[in-house]
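K.L.:
Provided herewith is a single structure, encoded as structure tokens, for subsequent inquiry.
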Amino acid sequence: MVDNCLFCRIVSGEIPSRQVAQSDTAIAFRDVNPQAPTHVLVVPRAHVASLASASDSAMLGDLLAFAATVARSEGLEQDGYRVVANTGSNGGQTVDHLHLHVLGGRKMTWPPG
């Protein structure tokens, strides 16, 4: 845990969240500023700053599989959904803790932004 990391503090329970699901390696909670009718963040329990600094392929696979499980549990599988990992400031990452956005409930546009 990194003391000044928002997501580490959410993972530890220090900051409350609207939790959707949890696994041994990750938690999923609703985004406080949703960009779609369904917007869930999937966060590894261990602190990893970003996708660029991630080196544990098993953890990354688990995180992506967990995101798919969350999407199914949210009823997004039928119509589809988007999973996004913003990386670095130009990629739109605002919290320096690896996380996936699971977005659904509306038609997604391309390019995304």
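K.L.:
Of Leu41, Tyr81, Gly61, which is farthest along the charge dipole of the chain in the positive direction, counting Lys and Arg as +1 and Asp and Glu as -1 at C-beta?
P.N.:
Toward the positive end, the furthest listed residue is Tyr81.
K.L.:
Next question, about the same structure. Let's see if you can work this out: charge +1 on each Lys and Arg Cβ, -1 on each Asp and Glu Cβ, no other charges. What is the dipole magnitude of the chain about its Cα centre, in debye to the nearest 20?
P.N.:
Taking the Cα centre of the chain as origin, the dipole is about 340 debye.
K.L.:
Based on the alpha-carbon gyration tensor of the range 62-111 and its eigenvalue square roots a ≥ b ≥ c, which shape applies: rounded if a/c is under 1.5, prolate if not and a/b is larger than b/c, or oblate?
P.N.:
Here the range 62-111 falls in the oblate category.
K.L.:
Moving on to the next point. If you count, for each residue, the other Cβ atoms within 10 Å and average over each peptide, how do 28-36, 5-13, 104-112, 86-94 line up from highest to lowest?
P.N.:
My ranking of the peptides, most packed first, is 5-13, 28-36, 86-94, 104-112.
K.L.:
Follow-up question, since we're still on this one. So what's the gap between the Cα centers of the range 37-105 and the range 10-29, to the nearest angstrom?
P.N.:
If we compute the Cα centre of each part, the gap is 13 Å.
K.L.:
Connecting C-alpha atoms closer than 10 Å in a GNM of the chain, tell me which of Arg18, Arg45, Arg82 has the biggest fluctuation.
P.N.:
Answer for the Gaussian network model of the chain: Arg18.
K.L.:
Going by the alpha-carbon gyration tensor, a ≥ b ≥ c the square roots of its eigenvalues, is the range 6-104 rounded (a/c under 1.5) or, if a/c is not under 1.5, prolate (a/b greater than b/c) versus oblate?
P.N.:
It comes out rounded by the Cα gyration axes.
We did not get these values from a lab; they are worked out from the coordinates using the rules stated. Values in this document were obtained by computation on a predicted structure and should not be read as measured data. Glycine gets a Cβ as well: all are built from the backbone with ideal geometry, and neighbour counts include every protein chain shown.
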